[in-house]
Amino acid sequence: MNDKLQEAAPAGLSHPAWERWSFARPRQRSVGIIALLSICCAVLCRADEPTMRFLMADGSTVEGTLSAAEAEGTVQINNPRFTQPIVVSTDHLLEARRPSAEPDVAADSTDDAGATRVAFELNDRSRYVGEVVTWQDDVITLETESVGRVSFGSERVVRIMDVNKMPRPIASLADSRFRYRREAGWEFNDQGLFGATAQTATVADLDLPDRFRIRIDVTCQGTPDFELILGDRSTGGAGQGGGRIDRRGGSLSRLPTETLVTRIEWFDNSVSLVRSNASVSDAAVFDLTDAIDRLTLDLYADQTSGRLLAYHEGVKRGEVSLVDDQPVLRRELTLINRGAPVQVTQLELLQWDGRVPESRLLPDRYTLLHDGSIVEQVARQGDADRIRVGDAWYPIQDLAWVEFGGETVAAVGCELVLRDGCRLRGEVQGRDTAGAIVLRDSTGVRLVVAPPSVVRCVGRADDDTAPAGDASELRADGIRLWGRLLDGSGTGTTFGWRAALAENDVPITADDGVTILFASPSDVNADVESASERDHGLLTLVGGDQLPGELISIQSDGVRFRSVVCNEIRVPLVDVSRVETGPAVKVEPTDLPWLTSLPRRMVDSPPTHLLVSPDGDALRGRLLSLDQQDVRIEVRDRTRRIDRTGVAAVIWLGQAENGAEKETPSCRYVITTRDGARLGLQTATFDGYVLQGAHQSFGDCRIPVDLLQRLSFGPRETSRQERWELVPVKQPKTFQ
């Protein structure tokens, strides 16, 4: 039989997906051919290919398209902001999914209208959807839409389903543990989620749909006191998540239309369903009929109609229903353990169409037909048109469900959910010559998957972790990527990026919309040093750019300033908005509007500067000069000399002529540093240690990487401009 299984590799090379991907080779080895790299990236990120959201173990998120990588155990993420795909190990990938992550079998199917397709679920949680070709000698051969023809042993089958009856999974405990925010006392172990401490909770951010189904299995080591609540764990009172409602003092609410709470309580040997607020409630209580230390339920919730149903072994045990005037649609679940330790071994979230299932006790092994009849035997043989159950043959279109009573254990590896409903589990082996993902399942069968057919990919990472302390962050639309900035000159770009959990460096091709937040320096004295440097002096331009350093002088030919970023420079007076020489009480135009008023007697000779002392005192006049000892200013036609130490800031007044603002020089990059610099650079280079760039007023700037705080691609923010415009006072009225 093993030989037969190995020969069952799909031969789907004529599938349209192969034709689209046969020319899209994601990796480009020729350094310097940037035009070709950009073309390849554009091909990979075409609008007709599905965009997925990738989540990595360190919290990085990237929106892009999935493609196969060459190396074993890796996949590629294609995003137009990078000229090359990001290669990610499946060991570091938590999940990738489309915005609508579940397969739409009816919409995406290309099968003939008369074809009958069924789904086979196997004991490793994999699932194949297609048409039965043969079922002989304990080997089942199925023709699928996404992976072609596959074969597997019949002993691996745990259930067979009509595709129209097949539950649509959203998330499971096994592959979504990163969605659980846990208090101390909750942790994952080999069996699932374990709650060892009383009065602790975990919140599952599962993005619950309006209608859903939960299959839960919980055991308790003692007297159980366990709750599952629809919503968060806010303790604000009725309708606010997990806060219990105390009715002993009567109603706590004036309005019966408060938001309602929905929860399931397992206490001792009974289970309660509760739908309530502080004024009204609906409840259902039932006893456990099997082991008192185990709770196994199928829960059906309709948030729009305020309805909750509970089934146990196919039999409805309870139902509650209260409708909100304005339904609050919850997206989270909260699990609270108030008593003895509990072990959650299963929590599967499934789509629900709102149709209430029939309540009846089902045997462990059975075949359910579409007419509702049950045969207490399972299928053992079949072909394209029929399946034999016991001694009788049934048309395959009459088959609704076959339950073999077998246990499923998730195989180690990745999980790919395909658009036709197939769910594949195994190890990623790389890619084939057509650009498809090669997957090897738990039995060694080789599967070939076209990346556009994947709607969800679950990696091998078990849980999320905090990013490294020295990691910087790249932000863009749909991207939050931890890593570090690189020199991109080797690939023909200005900057490159190395994601912390990626296997390769990628050049950044974007000209706008990218921001990099640099990691804080490890030196504990860095903040102190930055503060002392910031207090030493600050030069601010009309466009909002700032440069910390030391003011040397102000003369008629410009402002002379010294900085570690650009050494000694001279800036034209018309470009300067403010110069600070040390700490002072901050003066804002809104704080002292009279400082910008222009009396009638000064219209012909308005003040041009405002001097601010360290204590916040202000003096207006026409600044003549400033050097290391003295400041000369003309006030009311008299020249006054002030000691340099008495001036903490010089502010330019009335820079614009006739109210027109000075045009701010354009730039491609905006840099902010930890000592207060904000620079718009026209060009930039980076060697991994120093960022160097050209500034319109400051010239050549060199910023060490430890000093960098933020790098933005694109022009400055116009709101950064600082204006101190003189406002003429109101003219008096005159009468004839």
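Show the residues, 5+ positions off or on another chain, whose built amide H is closer than 5 Å to the amide H of G413.
Amide H neighbours of G413: none.
Using Cβ counts within 10 Å as a stand-in for footprinting exposure, how do D190, D353 rank, fewest first?
Least to most surrounded, the residues fall as D190, D353.
Kirkwood Rh, Cα Rg: Rg to Rh for the range 277-404?
1.06
Hey, can you rank 260-268, 318-326 by average C-beta count inside 10 Å, highest first?
260-268, 318-326
Quick one: which residues, 5+ away or cross-chain, put their amide H under 5 Å from the amide H of T200? H built at 1.01 Å from N.
Those qualifying (amide H under 5 Å, at least 5 residues apart or on another chain) are N337.
Once phi is turned into ³J(HN,Hα) by the Karplus curve 6.51 cos²θ - 1.76 cosθ + 1.60 with θ = phi - 60°, what whole-Hz value does each residue of the range 319-333 show in order, with x for glycine and proline?
8, 10, 7, 9, 9, 6, 4, 10, x, 9, 8, 7, 10, 10, 10
Any idea what Rg and Dmax come out to for the range 402-478 if you just take the C-alpha atoms, in Å?
Just the Cα atoms of the range 402-478 yield Rg and Dmax of 16.4, 54 Å.
Please rank V574, V150, fewest neighbouring Cβ atoms within 10 Å first, as an exposure proxy.
Ordered from fewest to most neighbouring Cβ atoms within 10 Å, V574, V150 come out as V574, V150.
Highest mean first, what order results for 648-654, 567-573, 74-80 on Cβ atoms within 10 Å?
Highest mean packing first, the order is 74-80, 648-654, 567-573.
Loop only per DSSP, at most 15 neighbouring Cβ atoms within 10 Å: give me the trypsin sites (Lys or Arg not before Pro) in the range 583-646, ordered by residue number.
Sparse-neighbourhood loop trypsin sites (Lys or Arg not before Pro): K586, R636.
Report the dimensions of the range 176-351 along its three principal axes from the alpha-carbon atoms, largest first, rounded to Å.
Result, largest extent first: 46, 35, 34 Å.
Apply the Karplus curve 6.51 cos²θ - 1.76 cosθ + 1.60, θ = phi - 60°, to the phi angles in the range 598-611 and return the couplings in whole Hz, x for Gly and Pro.
10, x, 4, 6, 9, 4, 6, 9, x, x, 10, 9, 10, 9
Using packing as a proxy for protection, rank 553-563, 671-681, 366-376, 302-312 so that the peptide with the highest average count of other Cβ atoms within 10 Å comes first.
671-681, 302-312, 553-563, 366-376
If I take every Cα pair under 8 Å that is 6 or more residues apart in the range 176-351, average their sequence separation and divide by the length, what percent do I get for the relative contact order?
Across the range 176-351, relative contact order equals 35 percent.
Counting only other residues whose beta carbon sits under 14 Å from that of E473, what net charge do I get with K and R as +1, D and E as -1?
Neighbourhood net charge equals +3.
Amide H neighbours of A648 under 5 Å, at least 5 residues apart or on other chains, H built in the peptide plane: list them.
It is V612, S613, by chain and number.
With θ set to phi - 60° and the Karplus curve 6.51 cos²θ - 1.76 cosθ + 1.60, what are the ³J(HN,Hα) couplings of the range 419-431 in order, to the nearest whole Hz, using x for Gly and Pro?
5, 8, x, 5, 10, 10, 10, x, 9, 6, 9, x, 9
Once you list every other residue whose beta carbon is under 9 Å from the beta carbon of I671, what net charge do they have if Lys and Arg are +1 and Asp and Glu are -1?
Computed value for this residue: +2.
Which GluC sites (Glu not before Pro) in the range 388-478 sit in a loop by DSSP (not H, G, I, E or B) and have at most 15 other Cβ atoms within 10 Å of their own Cβ?
E407
Measuring from a point 7 Å past the Cα of D604 along Cα-to-C-beta, which residues in the range 626-643 have an amide N at less than 14 Å?
Of the residues in the range 626-643, 637 have backbone N under 14 Å from the label point off D604.
Laboratory data are not the source of any read-out in this text; all were calculated from the coordinates shown. Model, not experiment: these values are computed from the prediction. All Cβ positions, glycine included, derive from the backbone under ideal geometry; neighbour counts span all protein chains shown.
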